[in-house]
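What follows draws every value from the coordinates through simple rules; no lab data is involved. None of the values given here were measured: they were computed from a predicted structure. Cβ coordinates were reconstructed from backbone atoms using ideal geometry, including for glycine residues, and neighbour counts include every protein chain displayed.
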Amino acid sequence: MQWETVIGLEVHAQLATKSKIFSGAATAYGAAPNTQACAIDLGLPGVLPVLNTEAVRMAVKFGLSVDAHITPRSVFARKNYFYPDLPKGYQISQYELPIVSEGYLDIDLEDGTRKRIHIERAHLEEDAGKSLHEDFQGLSGIDLNRAGTPLIEIVSKPDLRSAKEAVAYLKALHALVRYLEICDGNLQEGSFRCDANVSVRPVGQKELGTRAEIKNLNSFRFVERAINYEVERQIDLIESGGKIKQETRLYDSDKNETRAMRSKEEANDYRYFPDPDLCPVVVAPEYIEQIKHELPELPQQKRERFQNDYQLSSYDAGILVSSRELANYFEQVVKLSEAPAKLVANWINGELAAALNKHNLEITESPIAVERLAGLLKRIHDNTISGKIAKTIFETLWNSNHTADEIIEQQGLRQVTDTSAIEKMLDEVIAANPQQLADYRSGKDKLFGFFVGQAMKASGGKLNPQQVNDLLKQKLAG
Amino acid sequence: MSLSPEEVIKISHLARLAIDEQAIPKYAQELSNIFDLVAQMNQVDTQGIVPTTHPLDIPQRLRADVVSETDQRELMQKGAPSVEVGLYLVPQVIE
C-alpha cells in the first residue's frame, strides 16, 4: 500500500525580552540556579502576574509577518497539570482566544516549487522551569530561572507531507523570528524548540490517521531523523496488523528512535479556564498599524529582491537570506568590491561558508570582515589575481590581519597577463614534453589539460587562465 | 447528569486530591448537582452574546520590559525542605 505522511509542527520560540512575561525577573541565559526566579515565578501566595508589553508587541509583530489575524481581545487561560518544575500547578497560556490566528508561511522546496503552510494559531505563554535528574541520590533538582520566560507557541496546520518539508518550514520560521528580532533562535539553549505531530494514511484517504506527538527535537537534523523514524514505525505497525495509539513520544538522538512517554498518557486533560488574575489583552487597530510600519524586509521579500536585483539563482539567494546578518554581509561586499554579485555569492556560499562551518563560527564571528573579503574579490574581478591564487590568499586572509593587496604584494602573486612572458613559459613547457606534443598532434586532445597544468605549475598558478588557453591552442596547433 | 465512581476518581486524581473511598458516592452526588446547574444554564439561548472571560470589564494593564527583581534566592529557599547547589530538591519524576 502507498502511504502519505501528514505532519503538523508546534514551535516554541522564546521571546527576546529582558524580563519575564509576568514578572520583573531577568531572562538571561546561564545564570546560577534560581537566582532569576522571583516570588511571582515561584507562584508564592498573594502574587499577581502583570503582562510584559514587549511580549505583546513581539507576538503582534510575528502575527503581521505571517499575514495572520490579530485578535483584538485575546485571553489568558490556565493549563492545569502537575510537575515539579511548574510551581503554580498551572501554566499561564492562551486557549480559546490566542493573540494570533490564521496566518501562513510560504516555503521553498528543493525542487524549486513554493508551498504555502498555514499557521493555525500563535499564542503567548510562560515557560516552565528545568528539572535536573542526575547527581541527587534519587531526588530531582529544580531550577526555576526559566519559569515565566515568555514564549510564543506557533502551531501549523497539518500541511506538511515529509520530513524534508517539515525542516524547510522550520528553517523558514527560524529565519523569520530572527529577522523580526523577537527570538535569538538558539537551538542549543532551547530558545527555539519543536514538537512534531506525525501520522500516516493511505494515499487518497481524506481522514487523518491517528497521530503521535514527538517531543524533544532540538536540532533541524533531529527533526528530520525523528519524523522519518516515526513514519516508518507507524507504517510497519499498521502493515503488521497493529494500531497507532495517540500518545506523546520522546526522540532519543543517541539511539535514533522514538519511544512512548509514560507520564504524559493521562495528563492530556488540562482543564483550561480563563485566568482570573489577568484581564483580556486589548490590541488597538492603531497599534497594529504602527507595528506594521516597523516590520523589516522579510526573508521571502529579500530573497526575491536578491534574485531580481543581483540576478542570483533561487538557490544562492536562499542561502544568503537564511540570516539577516549573512544577507547584510553579502550586500556590503558587493558594494565595496564592485565585483559581480554572482562572484560574491559564490565566494560567500563557497569558501567562506566552508571555513566558517569547519570552525563552527557564525557569519558575525567571521575572522574575515566585509572589507577584507571585498578587497580580495576586487582583485579577482580586475584580473590582478587568478581565482586559483585567490584561494590561497583567502587562507592567508583567514589566518592573518593582512589585506588582500598586502598579501599579493608581499608574496608576488600578481597574475601574469603579459603575453610575451606567458608565451615564453609555454614554449618552455612544450619543449620539455616532446612525446606529449607528438601524441596531442596525433589526436589525443585530452593532453591539452596536461599542458595547461604544466604551465600553471611552472608559474606557481600566476598565469591568466584565459590567455593560457588561447595561446596554448595556437602553439600546439603548430 | 450523574457522575460514575470512576469519573470521581479521575477528577480527584487530576486535582491530586486524596479522597476516602467511602465518600465517593457523596462526591458523585455533589458534583452531579453542579453539572446539573451547568446543564440548566446551557439551556439559555446565548447566541450573539460575547462570552464573559473576566468579571472586570477592563483591559489588561501592561508593564514595561524592565528587570526590576533582584536575586533573593537565599530568602526564597529558607522555606524549602531541601536545597542543594542552589536547586530545590524534590522527589524524582523522570521520563
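Computed on the stretch A:317-453, the Cα convex hull volume stands at 145 Å³ per residue.
Neighbour counts of C-beta atoms inside 10 Å place B:VAL83, A:VAL60 in the sequence B:VAL83, A:VAL60, starting with the fewest.
Can you tell me the orientation of helix A:370-381 relative to chain A, as the angle in degrees between its alpha-carbon axis and the longest Cα principal axis, to the nearest 10? Helix A:370-381 sits at roughly 30 degrees to that axis. Relative intensity of the stretch A:80-218 on a log10 scale, I(q)/I(0) at q = 0.10, 0.11, 0.13, 0.16 Å⁻¹, equals -0.44, -0.53, -0.72, -1.03, per a Debye sum over C-alpha point scatterers of equal strength in the absence of solvent. Other residues whose C-beta falls under 15 angstrom from the C-beta of A:ALA13 contribute a net charge of -3, scoring Lys and Arg +1 and Asp and Glu -1. In summary, the aspartates and glutamates within cross-link reach of A:LYS473, defined as a Cα separation below 16 angstrom excluding same-chain residues under 8 places away, comprise A:GLU423, A:ASP427, A:GLU428, A:ASP439, A:ASP445. Between the residues B:ALA64, A:THR258, A:GLN415, the greatest Cα displacement towards the positive end of the dipole of the protein assembly as shown, with unit charges on the Cβ of Lys, Arg, Asp and Glu, is found for A:GLN415. Of the cross-linked pairs A:LYS378/A:LYS424; A:LYS342/A:LYS388; A:LYS243/B:LYS10; A:LYS20/A:LYS130; A:LYS130/A:LYS215; A:LYS358/A:LYS462, those separated by over 20 Å at the C-alpha level are A:LYS378/A:LYS424; A:LYS243/B:LYS10; A:LYS358/A:LYS462. Put a plus charge on the Cβ of each Lys and Arg, a minus charge on the Cβ of each Asp and Glu, and nothing anywhere else: the dipole of the stretch A:83-230 about its Cα centre is then about 480 debye. From the Kirkwood radius over Cα pairs of chain A, Stokes-Einstein at 4 °C and 1.567 mPa s returns a whole-number translational diffusion coefficient of 49 µm²/s. Result for chain B in a Gaussian network model with C-alpha springs under 10 Å: among B:PRO51, B:PRO81, B:PRO25, the largest mean-square fluctuation is at B:PRO81. Only helices enter the 222 nm calculation for chain A: every DSSP H run of n ≥ 4 contributes -39,500 (n - 2.57), and dividing by all residues gives -12000 deg cm²/dmol, rounded to 500. Overall shape: oblate for the stretch A:64-116, with the ratio a/c of the largest to smallest alpha carbon gyration tensor axis at 1.5 or above and b/c at least equal to a/b. Helical runs assigned H by DSSP (4 residues or longer) give chain B a calculated mean residue ellipticity at 222 nm of -11000 deg cm²/dmol, each run adding -39500 (n - 2.57) before division by the residue total.
Based on the alpha-carbon gyration tensor of chain B and its eigenvalue square roots a ≥ b ≥ c, which shape applies: rounded if a/c is under 1.5, prolate if not and a/b is larger than b/c, or oblate? Oblate. Amide hydrogen proximity for A:ASN52: with H placed 1.01 Å from N in the peptide plane, the residues at 5 or more positions away or on another chain lying under 5 Å are B:ARG63. Ordering A:SER240, A:SER101 from the fewest to the most neighbouring beta carbons within 10 Å gives A:SER240, A:SER101.
Here the residues A:SER219, B:SER12, ranked from fewest to most Cβ neighbours within 10 Å of their Cβ, fall in the order A:SER219, B:SER12. About the centre of its Cα atoms, the protein assembly as shown shows a dipole size close to 1380 debye [charges on the beta carbon of Lys, Arg (+1) and Asp, Glu (-1) only; nearest 20 debye]. Seen against the Cα atoms of chain A and their longest principal axis, helix A:387-399 is set at about 50 degrees.
The convex hull defined by the C-alpha atoms of the stretch A:1-135 has an orientation-averaged projected area of 12.9 nm².
Between exposed GluC sites (Glu not before Pro) in chain A, where DSSP calls loop and at most 16 other Cβ atoms lie within 10 Å, what's the longest gap? With a cap of 16 other Cβ atoms within 10 Å, the longest stretch comes to A:363-478. Place +1 on the Cβ of every Lys and Arg and -1 on the Cβ of every Asp and Glu in chain A, take the dipole about the Cα centre, and give the residue among A:LEU476, A:ALA37, A:ILE385 whose Cα lies farthest towards its positive end. Final value for the positive-end residue is A:LEU476.
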